[in-house]
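Q: Pasting a structure below so you can have a look.
Read the figures in this text as sums done on the coordinates, not as results from a lab. Please read these numbers as outputs of a predicted model, since none were measured by experiment. All Cβ positions, even for glycine, are placed from backbone atoms using ideal geometry, and neighbour counts span all protein chains on display.
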Amino acid sequence: MAGLKGAAGCVEELRRERAGCSFNTEELTNILDGGKNITTRRREIEDLMCGDPVFKDEVPTEYLSHEDRYTNEVRKVCHLTRKMAQHNISSRELGITSVTNLLRDGNPLALHQSMFTNAVLGLASPEQQRRWVSLAQNNTIIGTYVQTELGHGTFIRGLETTATYDPKTEEFILHTPTVTATKWWPGGLGKTCNAAIVMAQLHSQDKCRGPHPFFVQLRDFDTHHMLPDDAPWLGDVTSGSPLSPR
């Protein structure tokens, strides 16, 4: 597997340089890892992953089509998720470096794991958490974080998407009032996710209340068809980066 090697797969030049150090490299490794037990656990996980043929690319991904590269990474991340559960491996133990090397073209579930689930945990009411947290943690629903627009990225106060509260129906109406308000480039939005935390300017009683997060269902949780059925409004952005916009 390109980019990820256990201790046995270390290149000879690096092994030779380490052998010539004036200090104990194993002790330094333990310090950097946070302890001897953590080093041992990390190596166990690396060997477990490196020896798994599912993570190997039969064809170099550079020779695959855009669609095939996406399918390939979805295949691997699904296997990785099952394997982590089977061997009781936490995301912290696996580490971002290992994930990057295992999933060379990107992690289709990256924003689901890092942003969406944590947003539900940190921002949802107790009632909302009871409904959604377990579904997100078990990957029953796959979500993303939708902030970036054509006109604005990290300038949160400048976001143009609106969410207007209708007291008659007790609903929030999300609206894209301008072309630059179009949500653009959120990871997983184009094809992977069926829910999202959407950042929008809250309007109520004819006043703008500032940016707020809204839980929005994007696709049917069973069929994965876009909602509503008669108005497809989600799509893949580009083939330049296989997974980021998907």
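Q: Please check which bits of the range 151-177 a label hung off residue 207 would reach, taking the label as a point 7 Å along Cα-to-C-beta and the cut-off as backbone N under 20 Å.
A: Label zone hits: 157-159, 162-168, 170-173.
Q: What is the fewest-to-most order of 184, 132, 233 by other Cβ atoms lying within 10 Å of their Cβ?
A: By the 10 Å Cβ count, ascending, the order reads 233, 184, 132.
Q: Nearest-5 percent of antiparallel DSSP beta bridges in the chain?
A: Of all bridge pairs located within the chain, approximately 70 percent are antiparallel.
Q: Relative to a virtual label point 7 Å from the Cα of residue 13 in the Cα→beta-carbon direction, which members of the range 83-105 show backbone nitrogen distances below 13 Å?
A: none
Q: Another question, if that's okay. For residue 22 and residue 127, what does the FRET efficiency come to when R0 = 51 Å and r is the distance between their Cβ atoms, rounded to the nearest 0.05?
A: About 0.25, to the nearest 0.05.
Q: Find the relative contact order for the range 7-102 and round it to a whole percent, using C-alpha pairs within less than 8 Å whose residues are 6+ positions apart.
A: Computed value for the range 7-102: 27 percent relative contact order.
Q: Going by C-beta contacts inside 10 Å, put 133, 74 in order with the fewest on the left.
A: Listing 133, 74 from fewest to most nearby Cβ atoms yields 133, 74.
Q: OK, next. Out of all DSSP beta bridges with both ends in the range 110-217, state the antiparallel percent to the nearest 5.
A: In the range 110-217, approximately 70 percent of DSSP beta bridges are antiparallel ones.
Q: Checking the table 56/183; 36/76; 168/191; 56/191 against a 32 Å threshold on Cα-Cα, which pairs fail?
A: Listed pairs above 32 Å: 56/183; 168/191.
Q: With Cα Rg over 2.2 N^0.38 Å defined as stated, name the option among (i) 1.22; (ii) 1.72; (iii) 1.44 computed from the structure displayed.
A: It is the one labelled (i).
Q: Counting only the backbone N, which residues of the range 188-206 are under 20 Å from the spot 7 Å out from the Cα of residue 165 toward its beta-carbon?
A: Answer for this model: 197-206.
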